[in-house]
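Participant: A single structure is presented below for examination.
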Amino acid sequence: TEVAPGAVHLPGWLSPERQRELVAACRAWARGPVPMRHTRLPGGGTMSARTLCLGWHWRPYRYTRTADDVNGARVAELPEWLAGLGRAAVAEAYGEDGGGYVPEAPYAPDTALVNYYGPDARMGMHQDREERSAAPVVSLSLGDSCVFRFGNPESRGRPWTDLELGSGDLFVFGGPSRLAYHGVVRIRPGTADPALGLADGGRLNITLRVTGLTG
Ligand code: MD3
Ligand code: FE
């Protein structure tokens, strides 16, 4: 369903097998070279979700190739199969005709951010504006459900819409929704299927992005 222009939610888009594969892949990526970390914010705070980066390393508020805020290592490559999954996601969300958002070139994400939420983690309302590209952001959810707050591009405040994101859900944010404020209000602990392989429960979210950066 189209939640707002360019914001398309496809519940249960990932098959259970695909979800298990993605959870296993996240566990492997978390073993290095750059581990998941609670991102430190310039104001002194620390994010309650933990983040792992592929392709480009995200720090508030820019992308780098080395994890100078963690262990200095060069960030791992974004696997081509994951970029391909992003391509399929955009095609499916917008339809073969592009749904009015016909890109100039095939969707080619160069970065994935993997966020892990324990039972008490959340993410405040923010915009994703470090990317030098208007290409959509693809979001894949795994594990516990959450309440996702989708706002507007003007301010962190209302109007917003609260939506449940469950395991396997695809969300694509492009066009006029690309700069909308958004956040994670709460996790619903214990709602994940134990067969997914998230040993301690929790929620994973993978976002695919085009940074528009080179080097
Ligand atoms: C709307 N992640 O990593 S996913 C983030 O569930 C982030 O981990 C949340 O916000 C999470 O930056 C929300 C949904 C999402 C992701 C990116 C967006 C919504 C977006 C970019 C633009 C507009
Ligand atoms: Fe975001």
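Participant: Given Leu52, Leu14, Leu22, which one is in contact (Cβ under 8 Å) with a residue 60 or more places away in the chain and assigned to a loop (DSSP other than H, G, I, E, B)?
Facilitator: Leu14
Participant: So in segment 25-46, with the set limited to residues that are among the small types (Gly, Ala, Ser) and not in a helix (DSSP H, G or I), which one is nearest to Ile206 (Cα to Cα)? Break it down stepwise before answering.
Facilitator: Taking segment 25-46 first, the residues among the small types (Gly, Ala, Ser) are 25, 28, 30, 32, 43-45.
Remaining after also requiring not in a helix (DSSP H, G or I): 30, 32, 43-45.
Numbers: Ala30: 13, Gly32: 17, Gly43: 25, Gly44: 25, Gly45: 23 Å.
The residue in question is Ala30.
Participant: Taking Leu85, is it outside any strand (DSSP E or B) and modelled with pLDDT of 95 or more? Show your work before the answer.
Facilitator: Values: outside any strand (DSSP E or B): yes; modelled with pLDDT of 95 or more: yes.
The answer is yes for Leu85.
Participant: Out of all the residues in segment 44-71, which are over 18 Å from the mean Cα position of the chain (by Cα), under 24 Å from Arg132 (Cα atoms) and small (Gly, Ala, Ser)?
Facilitator: Within segment 44-71, just Ala67 meets the criteria.
Participant: Let me ask another. Can you say whether Arg129 is near ligand 1 (Cβ under 9 Å from one of its atoms) and either at pLDDT below 95 or exposed (fewer than 15 other Cβ atoms within 10 Å of the Cβ) (or both), as far as the supplied structure shows? Can you show your working first?
Facilitator: Numbers: near ligand 1 (Cβ under 9 Å from one of its atoms): yes; either at pLDDT below 95 or exposed (fewer than 15 other Cβ atoms within 10 Å of the Cβ) (or both): yes.
It is true that Arg129 is near ligand 1 (Cβ under 9 Å from one of its atoms) and either at pLDDT below 95 or exposed (fewer than 15 other Cβ atoms within 10 Å of the Cβ) (or both).
Participant: Give just the number: which of (1) under 21 Å from Pro119 (Cα atoms); (2) touching a Pro at 6+ places or on another chain (Cβ under 7 Å) does Arg40 not satisfy?
Facilitator: Single failed check for Arg40: (2).
Participant: Look at segment 55-82 and say how many of its residues are part of a loop (DSSP other than H, G, I, E, B) and either buried (at least 20 other Cβ atoms within 10 Å of the Cβ) or touching a residue at least 24 places away in the same chain (Cβ under 8 Å) (or both).
Facilitator: Residues of segment 55-82 that are part of a loop (DSSP other than H, G, I, E, B), as a first pass: 55-56, 60-61, 65, 67-73, 75, 77-79.
Narrowing the set further to residues that are either buried (at least 20 other Cβ atoms within 10 Å of the Cβ) or touching a residue at least 24 places away in the same chain (Cβ under 8 Å) (or both) leaves 55-56, 61, 65, 67, 69-71, 73, 75, 78-79.
Number of matching residues: 12.
Participant: Going by the structure shown, is Leu140 within 11 Å of ligand 1 (Cβ to nearest atom) and either under 26 Å from Thr39 (Cα atoms) or among the small types (Gly, Ala, Ser) (or both)?
Facilitator: Values: within 11 Å of ligand 1 (Cβ to nearest atom): yes; either under 26 Å from Thr39 (Cα atoms) or among the small types (Gly, Ala, Ser) (or both): yes.
Yes.
The values are calculated or read from the model by the stated rules, or taken from the named source; none is laboratory data. This structure is a prediction, so every number in the text was calculated from the model and none was measured. We place every Cβ from the backbone using ideal geometry, glycine too, and count neighbours over all the protein chains shown.
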